[in-house]
1. Of the residues Lys289, Lys280, Lys243, Lys233, which is at pLDDT 95 or above and among the basic types (Lys, Arg)?
2. For residues in segment 103-154 being at pLDDT 90 or above, crowded, with 16+ Cβ neighbours inside 10 Å and among the polar types (S, T, N, Q), which is farthest from Asn168 (Cα to Cα)?
3. Need at least 1 residues that are within 25 Å of Tyr74 (Cβ to Cβ) and among the polar types (S, T, N, Q) per element, so show me which strands (runs of 3 or more DSSP E) inside segment 96-164 make the cut, counting only ones lying wholly within it.
4. Which residue out of Val188, Val179 is over 16 Å from the mean Cα position of the chain (by Cα) and outside any helix (DSSP H, G or I)?
5. How many residues does segment 64-91 contain that are within 14 Å of Gly48 (Cα to Cα) and part of a loop (DSSP other than H, G, I, E, B)?
6. Among the numbered conditions (1) surrounded by fewer than 18 Cβ atoms within 10 Å (Cβ to Cβ); (2) farther than 30 Å from Asp213 by Cβ; (3) polar (S, T, N, Q), tell me where Gln32 comes up short.
7. Looking at segment 38-89, which of the residues that are of a type in the set (S, T, N, Q) and in contact with a strand residue (DSSP E or B) (Cβ under 9 Å, 6 or more places away or on another chain) is farthest from Tyr336 (Cα to Cα)?
8. Could you run through segment 279-301 and say how many residues are touching a helix residue (DSSP H, G or I) at 6+ places or on another chain (Cβ under 7 Å) and β-branched (Val, Ile, Thr)?
Amino acid sequence: MKKIIVLLNICLIIVSCQESKTLLIDYFDKIQEYELKEIVKYPWNSIGHPDMIFSHEDYIILSEPKLDYLLSIYNMETQSFTRFLPKGEGPDELLDVQQIRSYKSDSLFCVKSTFSKDIFVYAFNSDSCLIRDEVSDRSILSFFYDNNKLICSQSGQHKRCSLHDIENKSTVEFGEDIVIENCSPNVVTSILTGICAGNTESKRVAWGSVYGDVFEIYDYENTENIKTIFSVKGILPVITDPKMLVFSLETKLGISSIVVTDKYIYLLYNENQLKNAIDKRDDVFLSNKILIYDWNGIPQKVLKTNELIRYMSYNDKYKTIYCIGYNNNGDGKIYYIDDLDNL
C-alpha cells in the first residue's frame, strides 16, 4: 500500500511539473549569457528606428517605417549605402513593409506590404523595382520560397499555414488544430498570427505565434501529406471579444522573429504583455532572449544577450545572425552573432 501511495505521489509531481510549463522558455534547462558584437563600418548616422533586417551575402537591408523611404541597403564589401522604396499609395510605393525575403534565386529579393498582396521584386545590386508579382491573397503574413513553392503563415483561414504550388496552381493548408474557447477555427488563425521560416534542404518549416506561446515544426517533403514534426502549446492569447478580435491587455507576446540554419532554429522570444506597450510603445517588441531548437524540436539552450534586440536575419555566406537593436537613446544599432558553431 505504501508503494502505491509513493507511486501516486510521484505521478502527481510529474503532472504538476508538466502543467507548470506554460511558457516556451520553461522547457529549456540551459541559459547562456552572450555579448553581442557591433558592426563597426556601418554608417550609424543613417540608421533611424528600423523594425526589420534582412541580410544576404554582402548586403544588409533595413526597413525604416518612420522615414519617407522605407528601405535602405548597405553593401558590406563596397561600404555603399542607398535608400529606396518611397512610402505612399502610388504605383511604385508601399505604405509599410511586412516582409523581406529572397525571391526564387540568390540574386533577387522581394518586399511585401501588410495592405496588399502585391510584392515588389528587386535585384540586390539595384534600388529599382524590377517586377511586381503577387502572393495568393492578403491573408499571407510571412512566407518563403522553395523553387516553385510558396510556403507561408496566414490569418483568417481554416489553418495557420499553407503551401502554394505556383506552377500547378494548387494549395494545401496545414497546422495543428488549437482550441481557444468561444472562437471558431478561422478566428483562431487570426488570433494566433504567426511567422515562419524554412529549411529548403530538409523540407521543413518552423512556425511561431506572435501572441501567446505556440511553436511548431512541419515536414513538407510530401506536399500531399504535410507532417507535424513537433508542436508545443503554452499560454494562449486572452480574447475579450472574439467577434471583434479584441485582445486582453494581459495577453502575452510570443515570437517576434525566426531565423534558421541547416542545424538549428533561433526564436527571438518576448516575455512582455500587451499592457507593457502603454509605457514601452514600439519597444515592447524588444527582447534579450533567443530560444534555440534543433529541427526535431529538441530544446538546445537560451541565449541571453547583453542588449535588447528587435529582429534577426541569418546570412548563410558569413554564417552569421544579424540583429537590430537600440541603445539607451533609442538610436538603431546592428549587432551580430558569428560563432554559431561554438555556442
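The values are calculated or read from the model by the stated rules, or taken from the named source; none is laboratory data. This is a predicted model, so every value here is computed, not measured. Cβ sites come from the backbone with ideal geometry, for glycine too, and all protein chains shown count toward neighbours.
1. Among Lys289, Lys280, Lys243, Lys233, only Lys289 is at pLDDT 95 or above and among the basic types (Lys, Arg).
2. Among residues in segment 103-154 that are at pLDDT 90 or above, crowded, with 16+ Cβ neighbours inside 10 Å and among the polar types (S, T, N, Q), the one farthest from Asn168 (Cα to Cα) is Ser113.
3. Where strands (runs of 3 or more DSSP E) fall fully within segment 96-164 and carry at least 1 residues being within 25 Å of Tyr74 (Cβ to Cβ) and among the polar types (S, T, N, Q), they are 99-102, 140-146.
4. From the options Val188, Val179, the qualifying one is Val179.
5. Total meeting the criteria: 5.
6. (2)
7. Only one residue fits best here, namely Thr82.
8. Adding up the residues that qualify gives 1.
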